Amino acid sequence: MKIKDIALLASFVAIVFVQEQALMLLPNIQFTTLLIVLYTKLLSFKKAVAVIIVYVFLDSLLWLGMGIVYVPTLLLGWLLIPVLLHTVFKRLETSLELAIFGLVFGFVYGWIQIPAAVLITNVPFIPYLVADIPFEAIMAISNFLTILWLYEPLHKRIKMIQSS
Amino acid sequence: MKKTLIKITLTVFVVAILVLVIQYFSQTGKAESDGTIIFVLIDESGEEIIRQSVDYTRLKEDGDPNTLFDILNSEFNVVCAGAMYQKDETCSHSFTNGHVILSVETVETDFFNSYIEIYHNGVYSNKGISLIEFKDKDVIELRYKQVG
């Protein structure tokens with residue numbers, strides 16, 4: 001891997017990490033899904049996975065108090081994006097298709113976190129599932145809107161920078 | 001132009017759905033009439049340290065409906081979670097789904113390692129303290145719970 005590639009991946013990790021911390025006060029409103037979808041489309045599978053692993057590692061270091069049990073589910077949740085977009089949903093290209101993917105992913109990501117949350121907090125499964133619905137909806141719609149409006153301009157701009 | 005119009009339409013549609021979902025899940029719990037609530041507080045050792053009947057009116061002085069949180073907060077020493085889950089003794093911050101209680105009297109939690117469970121008439125509550133609908137003679141049990 002060239003130094004330029006390493007610098008690019010490091011910048012991508014920094015952007016996803018910083019935006020998440022900056023938006024932490026807003027429940028589940030973030031650009032993380034948009035950015036990971038973008039990275040998945042711009043980078044190879046291996047590089048996208050590397051960005052996600054480093055991002056989850058940094059996030060876990062910061063929120064270690066929340067419990068290490070969350071690390072596998074966080075990884076599983078975010079890695080699902082490159083896995084799906086490089087396999088079964090490989091043909092999704094337009095911002096609308098990817099926005100619908102992001103919408104569904106918002107709920108799937110929420111469900112993936114439930115086992116760890118139930119294990120850690122000892123909250124019964126059904127109450128947790130019900131209480132989480134509005135937060136999943138916020139994430140799903142936040143994903144939908146950010147991908148719908150920002151995916152194409154960001155993709156074009158980064159492609160331009162990469163080619164120059 | 002057509003593409004932008006589709007995007008705007010979809011945006012308005014999904015935002016409207018989100019507003020409806022949030023409204024549905026964050027309706028504050030109200031009482032049908034004036035009455036009495038029995039509050040039970042259980043500490044970390046499982047010991048019942050408070051069992052107290054509290055009279056309430058359906059409406060507050062300002063005309064807004066009384067919630068369980070309002071009644072609890074007016075009768076006991078309550079500390080809530082702030083926006084970053086820090087202690088907020090003023091309880092001025094309310095989340096999408098109402099207040100999160102960190103402490104009641106001597107039972108203290110920090111949200112991350114421990115929290116307060118709510119049982120409504122002996123049943124684990126699916127809703128937070130601000131959202132529970134209640135009636136006369138209901139029993140609200142607040143139990144200290146260790147995480148993990």
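The values are calculated or read from the model by the stated rules, or taken from the named source; none is laboratory data. On a predicted model such as this, the values are computed, not experimentally measured, just so you know. Virtual Cβ from ideal backbone geometry, glycine too; neighbours counted across all protein chains shown.
Only one of the listed residues (A:Ile126, A:Ile141) is in a helix (DSSP H, G or I), within 10 Å of chain B (Cβ to nearest Cβ) and either buried (at least 18 other Cβ atoms within 10 Å of the Cβ) or modelled with pLDDT of 95 or more (or both). That residue is A:Ile141. So which residues in the stretch B:84-127 are among the aliphatic types (A, V, I, L, M), surrounded by 18 or more Cβ atoms within 10 Å (Cβ to Cβ), over 25 Å from A:Ile29 (Cβ atoms) and within 14 Å of another protein chain (Cβ to nearest Cβ), if there are any at all? Across the stretch B:84-127, the qualifying residues are B:Ile116, B:Ile118. Is at least one residue of the stretch B:69-80 over 16 Å from the mean Cα position of the chain (by Cα) and either in contact (Cβ under 8 Å) with a residue 40 or more places away in the chain or crowded, with 18+ Cβ neighbours inside 10 Å (or both)? The answer is no; no qualifying residue exists. Applying the criterion of being more than 29 Å from A:Phe135 (Cα to Cα) and surrounded by 12 or more Cβ atoms within 10 Å (Cβ to Cβ) to the residues of the stretch B:9-35, the residue that is nearest to the other protein chains (Cβ to nearest Cβ) is B:Gly35.
The residues on offer are A:Ile133, A:Ile68, and the sole one that is in a helix (DSSP H, G or I) and either among the hydrophobic types (A, V, I, L, M, F, W, C) or crowded, with 19+ Cβ neighbours inside 10 Å (or both) is A:Ile133.
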